[in-house]
């Protein structure tokens, strides 16, 4: 298998969707299909079960994914280290972002680069369902995650920012004309569910109960914020978000309403304790020196 074909297989194994895989890799869906068919001929067995509605890994596909993932990551890392060494770069810190506001964090990135010109900082979006696994696999070095994080193998570093909550609703939703909402009001409607990560962790983001103990109904499981937003815009669901989405994710079909009775959601650096490095300590030091971002109230 060629390196590009391995990348296609591993991306499809993660996305389980030919269209998303093609978009993510800047390929045509036909190229993705051809690569998978070629691999299945080489292996001599199907790697995916697929029909018009779903794509799933077969047992052979799962085994191949588990075998190839560390090998592919090692090859990529080796090539990248060689390229960076040629440029005089001695270290790379990979930061996964669960929030969308990477631009707001530019003061930290800029000071880090100023203090450590021979280290490269790579900041990219992290998927909610893959955030902790990616950290534990070593795909990223540090994660900007909402709190609390209470995992025995993870270290929680300095708080980066804390934000008020907003509720995303369709512009034709009956709540859309309100200036704000309460958690009690939001509990009248169904919320998407992300069946991923520790239960307490997601409950901190989207609570199961109101302050009065009323159950907040959760609906279909979604993979990411985009799927949740689609349910909100088309099917009448409501979705909690931190307030920065009102600036970073402006949509003509979505209204954002401040939630008046929820505590601000704090985000902090998180990393795998046994993988703590000089680069991680340096970024944590920058954030401690500059302090958390100023609080911005929900609009």
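The values are calculated or read from the model by the stated rules, or taken from the named source; none is laboratory data. Computed from a prediction, not measured in an experiment: that's the story for all the values here. Quick reminder, even Gly has a Cβ in these numbers, built from the backbone with ideal geometry, and neighbours come from all protein chains shown.
Some notes on this structure:
- Flag if residue 27 is out of contact with any strand residue (DSSP E or B) (no Cβ under 8 Å at 6 or more places or on another chain) and either surrounded by 17 or more Cβ atoms within 10 Å (Cβ to Cβ) or over 21 Å from residue 223 (Cα atoms) (or both): yes
- Of the residues making up the stretch 114-142, those that are crowded, with 20+ Cβ neighbours inside 10 Å and either over 18 Å from the mean Cα position of the chain (by Cα) or more than 16 Å from residue 278 (Cα to Cα) (or both) number 5.
- Yes/no for residue 4 being at pLDDT 90 or above and either surrounded by fewer than 17 Cβ atoms within 10 Å (Cβ to Cβ) or touching a strand residue (DSSP E or B) at 6+ places or on another chain (Cβ under 7 Å) (or both): no
- Residues that are surrounded by 14 or more Cβ atoms within 10 Å (Cβ to Cβ) and at pLDDT 95 or above were ranked within the stretch 266-275; the one that is nearest to residue 115 (Cα to Cα) is 269.
- Residue among 148, 107 that alone is touching a residue at least 40 places away in the same chain (Cβ under 8 Å) and not in a helix (DSSP H, G or I): 148
- When 113, 122, 62 are screened for being outside the structural domain of residue 224 (by TED's automatic domain parsing), assigned to a helix (DSSP H, G or I) and within 27 Å of residue 1 (Cβ to Cβ), only 62 passes.
- Restricted to the stretch 177-253, the set of strands (runs of 3 or more DSSP E) holding at least 2 residues that are buried (at least 18 other Cβ atoms within 10 Å of the Cβ) comprises 191-193, 239-242.
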